[in-house]
Amino acid sequence: MKIYAQHYQGLVSEVIATELDINTLYTPEFVSTLIDVTDYDPPVQSGWQVVENPDGSFTIGPYVPTPAEVLGSQSLKLQGFTLLAASQKTALANRISVLNDAIELEMATPEEVGELPVRQAQLLEWKRYAVLLGRVTSQAGWYATVEWPVQPAEGMDLSVSAVAKVVQAS
């Protein structure tokens, strides 16, 4: 059985295994995008990088991102974590403010009184996390190797909209 890798824009897009003559199965244009990888060990996989050598042969292996791609990926990850931390801090600060108002106005339920210290502790954890995120780019290995801070396990449920609750209650 012969195994072929179709390559497109420097990547293996498909792996084809057949016992039939590839030239009778496909058009010449398609066959020109195929590389015989029958004897490759380990077996070639979709998504692997294809580099054409000066002698016309190919080198195929797992995709290795460029430094710019790694930097971009790590920067996007940091941005996402930072936005989540900011959202948590805002939501927790807002909830703490409402709980403090309820307590000050002597309107707080026993559940709200008990919730206040929990939310204050959560806010402190998210603040610590945000500070540590702000230090990530100053790590010795930034951006190639990053030691991400541990994200707090608890906070406000940001998937629930306060507006949705009001609309549903109406």
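In this structure, is Pro67 under 30 Å from Trp148 (Cβ atoms) and exposed (fewer than 14 other Cβ atoms within 10 Å of the Cβ)? Criteria met by Pro67.
Look at the range 104-121 and say how many of its residues are under 24 Å from Pro152 (Cβ atoms) and either modelled with pLDDT under 95 or over 39 Å from the mean Cα position of the chain (by Cα) (or both). Adding up the residues that qualify gives 0.
For the criterion of being assigned to a loop (DSSP other than H, G, I, E, B), of a type in the set (A, V, I, L, M, F, W, C) and modelled with pLDDT of 95 or more, Trp126 fails.
The C-beta contact set for the range 39-57 (first residue closer than 18 Å to Thr18 by Cα, second residue loosely packed, with under 12 Cβ neighbours inside 10 Å, distance under 6 angstrom, 6+ apart or interchain) is empty. Sub-7 Å Cβ pairs linking a first residue in the range 72-96 that is buried (at least 17 other Cβ atoms within 10 Å of the Cβ) to a second residue that is among the β-branched types (Val, Ile, Thr) and part of a helix (DSSP H, G or I), at least 6 apart or interchain, are Leu78/Val136, ordered by first then second residue. Selection over the range 129-162 of residues that are farther than 22 Å from Leu76 by Cα and part of a helix (DSSP H, G or I) gives a count of 1.
The condition (being small (Gly, Ala, Ser), more than 27 Å from the chain's Cα centre (by Cα) and in the same structural domain as Val136 (by TED's automatic domain parsing)) is satisfied by just one residue among Ser97, Ser32, Ser73, Ser57: Ser97. Taken together, Glu29, Glu111 contain a single residue that is over 30 Å from Trp126 (Cβ atoms) and either of a type in the set (Asp, Glu) or touching a Cys at 6+ places or on another chain (Cβ under 8 Å) (or both), which is Glu29.
If you filter the range 151-166 down to residues that are surrounded by 10 or more Cβ atoms within 10 Å (Cβ to Cβ) and either among the hydroxyl-bearing types (Ser, Thr, Tyr) or within 30 Å of Ala68 (Cα to Cα) (or both), you find that the one that is modelled with the lowest pLDDT is Ser161.
Scanning the range 1-48 for residues that are of a type in the set (Val, Ile, Thr) and either assigned to a loop (DSSP other than H, G, I, E, B) or surrounded by fewer than 11 Cβ atoms within 10 Å (Cβ to Cβ) (or both) gives Thr24, Thr27, Thr33, Val37, Thr38, Val44.
The values are calculated or read from the model by the stated rules, or taken from the named source; none is laboratory data. The shown structure was predicted, so the numbers you read here are calculated from the model rather than taken from an experiment. Neighbour counts are summed over all protein chains in view; Cβ atoms, including those assigned to glycine, are modelled from backbone coordinates with ideal geometry.
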